[in-house]
Every structure is written in C-alpha cells, then in structure tokens.
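Working notes, beginning with the structure itself.
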Amino acid sequence: MPAYILDGKSLAAQVRAGVKEKVSRLAQRGIRPGLSVILAGDDPASKVYVRNKVRACEETGVASRLFAYPSSVSEAELLSRVGALNADPAVHGILVQLPLPRQVDAQRVLDAVSPAKDVDGFHDVNMGALVAGKPGLLPCTPAGVMRLLEHADVPLAGRRAVVIGRSNIVGKPLALLLLRKDATVTICHSKSGNLSEITREADILVAAIGRAKLVTAAMVKPGACVIDVGVNRLPDGTLAGDVDYEPVRQIARWITPVPGGVGPMTIAMLLENCLRAAARE
Ligand code: NAD
C-alpha cells in the first residue's frame, strides 16, 4: 500500500487558523505581534520566500514590515537596522532573510538580533538552548517537521532516525529535536561514505540535502517515515525534493510531498514563533 501522505499544506492551514485566533486574543491585551523582515539583494528565491512570509502575516493579523536593501548594502547599515529593531517595542520578531550579499558577514548580523526576537531561532543563544534542552525559539523548518511527525503520531521513542544534512538551519537542529523525543539519531553528510547502508536502517529518514532525488527507494527501509526537506528546481522549471518521490512512496509508510510537505510548515512555525515572542511581553 502506498505511503500515507503527510500533508503540510493542510496542517499549516490549521496552525495558521490557531495563530489568527491567538492574535485576536492578544489584541484584547493591547498587543499586536509584529515581525520585521530584512531583505538584502535581489535573489529571486529570497524575494518569493519573503513575499510568502509577509502574506502569511497579513492573513493572520501579525503586523509585518519589510526593510529591503540593494545588494550593495553595507554590513554597518544592516547592523544599524537590527539595532533599531531590537530597541523598538512594537517589533517582536526580526527575520534576516538569507543569503546576504557577499560583503556582509551573515553570522555577525544574525548574532546582532536580540535572542528574544530571533524568530528564526538562528542566534547562538537559541541554538545553545536547543542543545541544552532548555526553552527557546526553535528554528522554523525543524520545528515544522516535528509538528508533522507529531500530528501523524509517527512513533519516535526508541526508533532509529537518520538525518541527511548537517546544516545549522535544518539538519543539526532537527537531529537534536528528534533526540529530545528519544529517537536514536544518526546524522549523515557529504563525507558519509556508506550512506545507503545507514539510511536503510532508518525508521525515520530525513533528507535535507539540496540534491534532487538523491534518496532512492533502494536507500529506504520498507515501512519507514520519509521526510523530504529539499527544494530543488529541475531544468524544466518544476520543483523536486531530495527524495525520488514516486518509487519511495510505494515502500514508505509515511512521506512528505514536495511541494506541500515541509515548506508550508516552515512559515506556520515562523508565525507561531512571532506569537510566542509577543506573548512574552
Ligand atoms: P546546506 O547546503 O546548508 O546543507 C546541505 C547538507 O547536505 C550539508 O550538510 C551536506 O553535507 C549534505 N550533503 C550534500 N551532498 C550530500 C550527499 N551527496 N550525501 C549526503 N549528504 C550530502 O542546505 P540546507 O540549508 O540545510 O538545505 C537543505 C535543503 O533543504 C535545500 O534543498 C533547501 O532548499 C531546503 N530547505 C527547505 C526549507 C523548507 O522550508 N522546505 C527550509 C530550509 C531549507
């Protein structure tokens, strides 16, 4: 039987409806959650991501402001903007859209964001809290994956989870969140020699690589839960994940589609983080 499809689009819509309701409750306390987005340069994908995030804010009643800069922007200008937003009480969340132009040290800009307003969860303080198992703002994509797993009741405790990809924004934090749920976690990366040997052991297999269809059916244990974080543009202009979807769907028990799986959950978690940051006031 083909896999059960983890429908991120519909779960994200539920999450957004919950956010909308909580936004109206916060309004009774005189609080309107506010997100400021910093966009620098003219990367077309970044522009689309930012547009979607701003639109999601509008839909749910989160106030959003966009600060767009040309690709010639200096690091000092961005740091000064972050400083002003940190000091502004109407701003609860600050999002710095990556990538930043080459002359800017992205980590320095991310680290300048107040940890309390770091709705992307990229600040060292929030990363540290995640490692230590303490409360903090979680990175949105890994949090969205965990919500999908939880919603579908995918068993995690004592199961083997394999995460392919070790980036700070997806692979590493997701591995830590799976560990928090008592999975036995392995992280694979570009230097892992025996990839398919390891992935075939996985009850939960996450692909966060950025290589279209790298995960084939031969790499997947029958009955596994397969989470595809990858977003790749094929030469014909269509989108594909890191998983060879059709054949893998035939043997997995759960699978996320691309698009419509992890992607919508990322934005939904961003909205929740804005709420969380605003409700702390
Ligand atoms: P990244 O480039 O920072 O990291 C990719 C990781 O994959 C690295 O750790 C690398 O070691 C590993 N890797 C590369 N080639 C490999 C191979 N042949 N075998 C095993 N491991 C290999 O990327 P990222 O920022 O973590 O993003 C990963 C993918 O997820 C991208 O396609 C990105 O577009 C997508 N993404 C999606 C969302 C979403 O909301 N859906 C959010 C963030 C990232």
Please work out which residue is farthest from the ligand (Cβ to nearest atom), limiting yourself to region 174-186 and to residues that are open to solvent by 70 Å² or more (accessible area, probe 1.4 Å) and out of contact with any helix residue (DSSP H, G or I) (no Cβ under 8 Å at 6 or more places or on another chain).
-> Asp182
Within region 88-137, restricting to residues that are assigned to a loop (DSSP other than H, G, I, E, B) and of a type in the set (Gly, Ala, Ser), the one that is least open to solvent (accessible area, probe 1.4 Å) is Gly121
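Report, by residue number, each residue of region 45-87 that is among the β-branched types (Val, Ile, Thr), modelled with pLDDT of 95 or more and assigned to a helix (DSSP H, G or I).
Val50, Val54, Thr60, Val82
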Do we have any residue at all in region 230-238 that's assigned by TED's automatic domain parsing to the domain that holds Ile169 and under 19 Å from Thr186 (Cβ atoms)?
-> yes
Tell me, please, whether a residue that is within 11 Å of the ligand (Cβ to nearest atom), among the polar types (S, T, N, Q) and part of a loop (DSSP other than H, G, I, E, B) can be found in region 164-173.
-> yes
Scan region 187-208 and give yes if some residue there is assigned to a loop (DSSP other than H, G, I, E, B), under 25 Å from Leu270 (Cα atoms) and either within 14 Å of the ligand (Cβ to nearest atom) or open to solvent by 20 Å² or more (accessible area, probe 1.4 Å) (or both), otherwise no.
-> yes
Among the candidates Val131, Val170, Val154, Val163, single out the residue that is over 30 Å from Asp7 (Cβ atoms) and touching a helix residue (DSSP H, G or I) at 6+ places or on another chain (Cβ under 9 Å).
-> Val131
For region 228-253, how many residues meet the condition of being crowded, with 24+ Cβ neighbours inside 10 Å and outside any loop (DSSP other than H, G, I, E, B)?
-> 3
Looking only at region 67-87, count how many residues are among the small types (Gly, Ala, Ser), touching a residue at least 12 places away in the same chain (Cβ under 8 Å), open to solvent by 40 Å² or more (accessible area, probe 1.4 Å) and closer than 25 Å to Ile267 by Cα.
-> 2
Being more than 16 Å from the ligand (Cβ to nearest atom), touching a helix residue (DSSP H, G or I) at 6+ places or on another chain (Cβ under 9 Å) and modelled with pLDDT of 95 or more, is that true of even one residue in region 269-276?
-> yes
Among what's in region 254-268 and is open to solvent by 10 Å² or more (accessible area, probe 1.4 Å) and within 9 Å of the ligand (Cβ to nearest atom), pick the residue that is farthest from Val91 (Cα to Cα).
-> Val258
State which residue is most open to solvent (accessible area, probe 1.4 Å) when the search covers only region 138-163 and only residues that are β-branched (Val, Ile, Thr) and assigned to a helix (DSSP H, G or I).
-> Thr141
Output the number of residues of region 66-93 satisfying the condition of being among the small types (Gly, Ala, Ser) and closer than 10 Å to Ala112 by Cβ.
-> 2
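The values are calculated or read from the model by the stated rules, or taken from the named source; none is laboratory data. The model shown is predicted, which means the values in this text are computed figures rather than measured ones. Don't worry about glycine lacking a Cβ; one is built from the backbone with ideal geometry, like all the others, and counts go over all protein chains shown. Remember, those area values only see protein heavy atoms, side chains included, never the ligands or the DNA or RNA. Shrake-Rupley method; radii C 1.70, N 1.55, O 1.52, S 1.80 Å.
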